[in-house]
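These notes are about the structure you will find just below.
The values are calculated or read from the model by the stated rules, or taken from the named source; none is laboratory data. Nothing here was measured: the structure is a model prediction, and the numbers come from that model. Cβ placement follows ideal geometry from the backbone for every residue including glycine, while neighbour counts extend to all protein chains displayed.
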Amino acid sequence: MKPKAVIFDLDDTLFDCTGTLVEPARRRAAQALADASEELTVGRAYTEIEEAYASNGPEFDAIKHVAERHGLPTDATLAARNAYQQDVVEEMSPFPDVEPTLEWLKNNGVLLFLVSKGNPTRQQEKLAQLGIRHLFSDVRLVDENRDKSGDFADIVCRWKLSAAEVLVVGDRIRSEVRLANGLGMVSVRMLHGRFSAQRPSSAEEEPQFTIRSVGELRSLIAGLTHESTGTFTGARSLAEEFELIRAVAEKVISSPDIDEVLKSIIDGCTELMQAERGSIMILDEEAEELRISAAMGIQQPIRESVRIKLGQSISGYVAQKGIPVVIGDIETDHLFARRNREGYLTRSALCVPMKVKGKVIGVLNMSDRSGGSAFSEADLPLASLIANQAAIAIENARLFQAYLAAERIRRDLELAGDIQRAFLPDAPPKIAGLDVAALNMPSQHIGGDYYDFFALPKGELAVTIADVSGHGIGSALLMAALRTALHTYAYTTFSTAEVLHGLNSFLMEDKQNDSFVTVFMGKFSSQGRTLSYSNAGHDYPICYFASEDRFSELESTSLPLGVFPETEFPEGTPIRFSPGDVMVLFTDGLVDAGIEEGASFGRERIRNAVRENCDASAQEILDSVISSVQLYCSTEACDDITLIVIKVTDA
């Protein structure tokens, strides 16, 4: 089919209406609303109008919405609307490629028509300023309350045209595109201005072609003409397209080498499309720039050095907007001026976004078809399909690399966890007069909790429980250093104050971050009847005196380790126990369990479990506490949990 006529819309099709007229009109409306309100400023009114249009679309009555929102009378709404519709036409000019393209169309025997809807006086003034009325065979200025379909049909009838021979070019899918599709004409959507963000809601609103500049009509009409006559030089067959798609899909599935896959894609695509140059550029989200990952016809130094920011040049524009661009002749394109980059001149270009789940991850570029012919909208379906295949390949490679990295981290953490668990006692010691049970539950493979026991001379037992701030490898390394030092000091002095002082000095000597350690260290005398202790900022251990049914807590006697170098760690008042008494030591992970759901497990539930099971063994008391916390929390505890139960028994 050779197009014989083109019907153009005016606003945002032949000139920048949004930037030239719409924004000033909205500011006039904002001024009118502000004049009628005591609370609204012009800036605020304008912002609310813009937000209303952005949320509801350009056809929404944003002026009425803002007026009603602030309780303004109907007169204020009408005044704002009148201000918006003022017969004021600011200085304007057509897009740079409009006049050359219209001249080219006329010289090639294409009839040109203009059908514009709006305030007739304003439309007349626009045409006068644009200076393009003489290029049209017929101009129809349609009142806002009248549909344009009658004018479309009348043009076809009066000029003895077939509807299929007429292109309709406009920016609104719910006006020009829908009308053209309904009348059997060829719909061409101009992506510019305030209606460019609208998405089709039905098949009637789907344009057959999309352009971003009027200059693209040259290659579009040339392609449609050649398609109908079969004279398109170098036209590819459907079989060739299917073969390329099949080969690309096979590579995506079979090859784990992403570089090999992308090279295969770009080689096949440039060959089939007869492009002189092609590239696949991947988006670096952090740097907000595109980098070449595979290319054909581009020298290696250029491939390595090119960095294109979002919004910059054709590729950056496509990556930022997420929409394809076809440029038949860059000299007449109003969006992208002719440019000399990386040592070559681009005449015709095609750029398609690569998307995964609607998110742009890169672009596919084709530049300058061999033989001098231009890219057109007819190339988009194949290019978009290949871009989708490339996006899938890139995403698969990323997921695979992420999987391998996660596996390496998992194995490293498991190994670190195994090493850390080896630091903990295999089993509680057997000490006359004491029944001991202990449990460590790290929230990750490795955690920052630590406990230990030391069987001292004369039948005494030292117990330590500690919590290193933070989680992960750093906490585990600090815990390992703490254990090494503790085993050095615990057997050289029998004073808990002196042991903690030595540990603090050791930690402060090589302190490289803000980590600190809370530590409780206690020493039971022979038969477990007396406890001396120091508490360096650790959660208060709970003591239960069974014969009195009374609880007591061993409060902190100092700051945590690793805070200040000269901290003292005095001992608390010694505690005397009797058979049946219980002491429970724990880290904050036990008390805070469930806090993400609104309320923590708390200390009272620990006391209840101890009281209810005071006649049981230390292990049974521990199991009861753990069962209680697991029943309380519907999810896993967010922190490490360490729990020690010590029950005093008859010797």
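Side notes on the structure shown:
- Check on V306, assigned by TED's automatic domain parsing to the domain that holds S264, out of contact with any helix residue (DSSP H, G or I) (no Cβ under 6 Å at 6 or more places or on another chain) and either surrounded by fewer than 22 Cβ atoms within 10 Å (Cβ to Cβ) or at pLDDT 90 or above (or both): yes
- Matching residues, the range 512-553, being in a loop (DSSP other than H, G, I, E, B), closer than 24 Å to P457 by Cβ and of a type in the set (A, V, I, L, M, F, W, C): none
- Residue selected from the range 560-589 under the condition under 23 Å from G502 (Cβ atoms) and among the small types (G, A, S), by the criterion surrounded by the most Cβ atoms within 10 Å (Cβ to Cβ): G562
- In the range 614-648, the residues that are part of a strand (DSSP E or B) and either within 18 Å of Y544 (Cα to Cα) or at pLDDT 95 or above (or both): L643, I644, V645, I646, K647, V648
- Hey, F569 outside any loop (DSSP other than H, G, I, E, B), in contact (Cβ under 8 Å) with a residue 60 or more places away in the chain, of a type in the set (A, V, I, L, M, F, W, C) and in the same structural domain as M583 (by TED's automatic domain parsing) or not: no
- The single condition among (1) in a helix (DSSP H, G or I); (2) buried (at least 16 other Cβ atoms within 10 Å of the Cβ); (3) at pLDDT 75 or above that N440 does not satisfy is (1).
- If you go through the range 285-331 and pick out every residue that is in contact with a strand residue (DSSP E or B) (Cβ under 9 Å, 6 or more places away or on another chain), of a type in the set (D, E, K, R) and on the phi < 0 side of the Ramachandran plot, you end up with 8.
- Condition check for S600: more than 29 Å from K430 (Cβ to Cβ), touching a helix residue (DSSP H, G or I) at 6+ places or on another chain (Cβ under 8 Å) and outside any helix (DSSP H, G or I): yes
- Residue match in the range 528-544 (condition: surrounded by 20 or more Cβ atoms within 10 Å (Cβ to Cβ), in contact with an Asp or Glu (Cβ under 6 Å, 6 or more places away or on another chain) and farther than 23 Å from S624 by Cα): yes
- Flag for S254 being exposed (fewer than 14 other Cβ atoms within 10 Å of the Cβ), among the polar types (S, T, N, Q) and either modelled with pLDDT under 85 or in the same structural domain as A383 (by TED's automatic domain parsing) (or both): yes
- Put simply, of L434, L415 the only residue that is at pLDDT 80 or above and not assigned by TED's automatic domain parsing to the domain that holds V261 is L434.
- In the range 44-80, the qualifying residues are those that are small (G, A, S) and in contact (Cβ under 8 Å) with a residue 12 or more places away in the chain, and the one that is nearest to G193 (Cα to Cα) is G57.
- Counted as qualifying within the range 1-85 are no helices (runs of 4 or more DSSP H), as none has 3 or more residues that are of a type in the set (F, W, Y).
- Residue in the range 166-175 that is in contact with a Gly (Cβ under 6 Å, 6 or more places away or on another chain), closer than 20 Å to L220 by Cβ and modelled with pLDDT of 85 or more present: yes
- Tally of residues being out of contact with any Gly (no Cβ under 8 Å at 6 or more places or on another chain) and touching a residue at least 12 places away in the same chain (Cβ under 8 Å) across the range 272-286: 3
- Some residue of the range 121-132 being exposed (fewer than 15 other Cβ atoms within 10 Å of the Cβ) and assigned to a loop (DSSP other than H, G, I, E, B): yes
- Of the numbered criteria (1) assigned to a helix (DSSP H, G or I); (2) at pLDDT 80 or above, the one A476 fails is (2).
- Scope the range 93-120; condition of a type in the set (G, A, S) and not in a strand (DSSP E or B); matching residues: S93, G109, G118
- Residues in the range 104-123 that are of a type outside the set (K, R), without any contact (Cβ under 8 Å) to a residue 40 or more places away in the chain and either outside the structural domain of V156 (by TED's automatic domain parsing) or over 19 Å from V214 (Cβ atoms) (or both): N119, P120, T121.
- The listed residue being at pLDDT below 90, in contact with a His (Cβ under 7 Å, 6 or more places away or on another chain) and outside the structural domain of F136 (by TED's automatic domain parsing), out of A62, A76, A52: A52
- Just one of the listed residues (G316, G362) is assigned to a helix (DSSP H, G or I), modelled with pLDDT of 90 or more and not hydrophobic (A, V, I, L, M, F, W, C), and it is G316.
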